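J.: This structure is in structure tokens; I'll ask about it shortly.
The values are calculated or read from the model by the stated rules, or taken from the named source; none is laboratory data. A quick note: this is a predicted structure, and the numbers were derived from the prediction, not measured. Here the Cβ is made from the backbone with ideal geometry for all residues, glycine too, and neighbour counts use every protein chain on show. Note: areas computed on protein heavy atoms with side chains; ligands, DNA, RNA excluded. Shrake-Rupley method; radii C 1.70, N 1.55, O 1.52, S 1.80 Å.
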Amino acid sequence: MTAERPEAPDISPVPPETRDWTVVIDQGCAECGFDPQLDVSATGELVRNTVDRWVAVLERPRLTERPRPGTWSPLEYACHVRDLSRVFRERLRLMLDEEDPVFPDWDQDAVAVQERYNEQDPYEASGEIAQELRATADAFDAVSGEQWTRTGRRGDGTEFTVARLAVYFRHDVEHHLRADVRG
């Protein structure tokens, strides 16, 4: 008798995300219960509080299974949040170091395919997401006073202050954890 081999992970592209998520900065998110009114100076603490939950997600069985067509697997969401942390930390650095920078474009969907998120090692991804979330939390902890009002823009022209970037980042981390992987 031979053991059944697990199915190969689905690495087909998920349709690109087209929804404008910036509305959550002001309105919150009914899907995940996100409240944008929390003190932005608590961003580091709030993000750090998600680390153990993300690590626990990556210890589950069937990490590469997509729950429904058009969505990522838990492993893919975790890799996305890991990389998202790097991107937001770099955007924060730019906002603090430059006057009204325009952020380099980041195509999250192309990166997911290029980096083969659903084939990555969950153990490695677990350590990396913990490291990246903590590093980005530390970067937001270092923001003070007038720095919260510094500005930067995405390539599409959407403007952020450091405070609004913090809210947007917190939502992304929490939304994927609460609504997408139920962590």
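J.: Only one residue in V181, V143 is surrounded by 20 or more Cβ atoms within 10 Å (Cβ to Cβ) and more than 14 Å from the chain's Cα centre (by Cα). Which one?
T.: V143 is the lone residue from the list that is surrounded by 20 or more Cβ atoms within 10 Å (Cβ to Cβ) and more than 14 Å from the chain's Cα centre (by Cα).
J.: Could you please find all residues in region 112-127 being among the charged types (D, E, K, R) and in contact (Cβ under 8 Å) with a residue 60 or more places away in the chain?
T.: R116, E119
J.: Something else now. I need every pair where a residue in region 38-55 that is in contact (Cβ under 8 Å) with a residue 40 or more places away in the chain has its Cβ under 7 Å from the Cβ of a residue that is polar (S, T, N, Q) and in a helix (DSSP H, G or I), sequence separation at least 6 or different chains.
T.: Here the result reads V47/T136; V55/S126, each pair linking region 38-55 to a residue that is polar (S, T, N, Q) and in a helix (DSSP H, G or I).
J.: Would you check which residues across region 152-162 are in contact with a strand residue (DSSP E or B) (Cβ under 7 Å, 6 or more places away or on another chain) and open to solvent by 40 Å² or more (accessible area, probe 1.4 Å) and list them?
T.: Selection gives R153, G155, E159.
J.: Output the qualifying pairs, or none if there are none: Cβ atoms under 9 angstrom, residues six or more apart or on different chains, first residue in region 88-111 and at positive phi, second residue at pLDDT 95 or above and not in a helix (DSSP H, G or I).
T.: D100/R150; D100/T151; D100/G152; D100/R153; D100/E159
J.: Next question. In region 125-156, what residues are at pLDDT 95 or above and among the small types (G, A, S)?
T.: Result: A125, S126, G127, A130, A135, A137, A139, A142, S144, G145, G152.
J.: Test each condition in (1) surrounded by fewer than 20 Cβ atoms within 10 Å (Cβ to Cβ); (2) in a helix (DSSP H, G or I); (3) touching a strand residue (DSSP E or B) at 6+ places or on another chain (Cβ under 7 Å) for H171 and report the one that comes out false.
T.: (1)
J.: Considering only residues that are touching a strand residue (DSSP E or B) at 6+ places or on another chain (Cβ under 9 Å) and open to solvent by less than 20 Å² (accessible area, probe 1.4 Å), which ones fall in region 71-119?
T.: Hits for region 71-119 are L92, L94, M95, P101, F103.
J.: Applying the selection to region 35-61, what residues are of a type in the set (A, V, I, L, M, F, W, C) and modelled with pLDDT of 95 or more?
T.: V40, A42, L46, V47, V51, W54, V55, A56, V57, L58 - these are the residues of region 35-61 that are of a type in the set (A, V, I, L, M, F, W, C) and modelled with pLDDT of 95 or more.
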